[in-house]
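A.B. asks: Below is one structure. I have some questions about it.
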Amino acid sequence: MAISTEMDQIRKGIQPAAWARAGALLLKAPTVFTVGTGRSGLALQMAAMRFMHLGLKTHVVGETTAPAIGSGDILVAASGSGSTKRVVQAAETARAQGANVVALTTTPESALAKIATEVLVIPAADKQDFDGTTSTQYSGSLFEQSVLLLTDALFHALWRSSGTQARELWRLHANLE
């Protein structure tokens, strides 16, 4: 019950216009990259799969087949604190190459947010909310759950607005499982 209550609070605290702008950036980018560490990174790997299902050329930073990011591309970066070194460095590199950066963070004044083209503030606890003032869950769980659910919601909105049938997306589903 606590998780669903907290997710409802997140839903009420997001800014739909920012998510719509992020969706527009995704659709116009030649290539989509995702970066995050730990559980946030895992959630973004799931988002990368869904972006690929939309037909977007998508890569996960750190995978051996990920190419260089370039002008006009987009980096979707998640860090609850907005200060995770690997994520901030990737965002700096992306911007230096002329790419857009969409930051998912709890901290709108963070280093990551300052670099970003678009900031998607997720009003969740970061992993050091030891007093449980924002979430009763452990160590950033609410942020990580939110990254997964909100990027899935973004995928769903982009998919529905595209008019593409589910059967058409299925042709891109993994078949070497």
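The values are calculated or read from the model by the stated rules, or taken from the named source; none is laboratory data. Nothing here was measured: the structure is a model prediction, and the numbers come from that model. Every residue, glycine as well, gets a Cβ built from its backbone with ideal geometry; the counts of neighbours run over all protein chains shown. Calculation scope for accessible area: heavy atoms of the full protein, side chains included, ligands and nucleic acids excluded. Shrake-Rupley method; radii C 1.70, N 1.55, O 1.52, S 1.80 Å.
A.B. asks: What do you get for the angle between helix 2-13 and the principal long axis of the chain? Use alpha-carbon atoms, 0 to 90 degrees, nearest ten.
C.D. replies: The answer is roughly 70 degrees.
A.B. asks: A follow-up question, please. Could you check how much of the accessible area of the chain is carbon and sulfur, as a whole percent, using a 1.4 Å probe?
C.D. replies: C and S fraction of accessible area: 54 percent.
A.B. asks: Using a 10 angstrom cutoff on alpha carbons, build the Gaussian network for the chain and name the most mobile of Ile69, Ile122, Ile14.
C.D. replies: Ile14
A.B. asks: Please state the equivalent ellipsoid semi-axes for the stretch 72-124: what are the square roots of 5 times the Cα gyration tensor eigenvalues, largest first, in whole Å?
C.D. replies: 17, 11, 8
A.B. asks: Of all chymotrypsin sites (Phe, Trp or Tyr not before Pro) in the stretch 5-92, which ones are in loop regions per DSSP and have a Cβ with at most 11 other Cβ atoms within 10 Å?
C.D. replies: none
A.B. asks: Dipole magnitude of the stretch 35-126 about its Cα centre, charges +1 at Lys/Arg Cβ and -1 at Asp/Glu Cβ only, in debye to the nearest 20?
C.D. replies: 120
A.B. asks: Going by the alpha-carbon gyration tensor, a ≥ b ≥ c the square roots of its eigenvalues, is the chain rounded (a/c under 1.5) or, if a/c is not under 1.5, prolate (a/b greater than b/c) versus oblate?
C.D. replies: It is oblate, given that a/c is not under 1.5 and a/b is not larger than b/c.
A.B. asks: Just to confirm my numbers, what's the Cα centroid distance between the stretch 11-46 and the stretch 105-122 in Å?
C.D. replies: The two parts, judged by their Cα centres, are 12 Å apart.
A.B. asks: Using a 1.4 Å probe, what is the accessible area per residue for the chain, in Å²?
C.D. replies: Here the residues of the chain average 54 Å² of exposed surface.
A.B. asks: Something else now. Helix 16-28 versus the longest principal axis of the chain: what is the Cα-based angle in degrees, 0 to 90, to the nearest 10?
C.D. replies: 30
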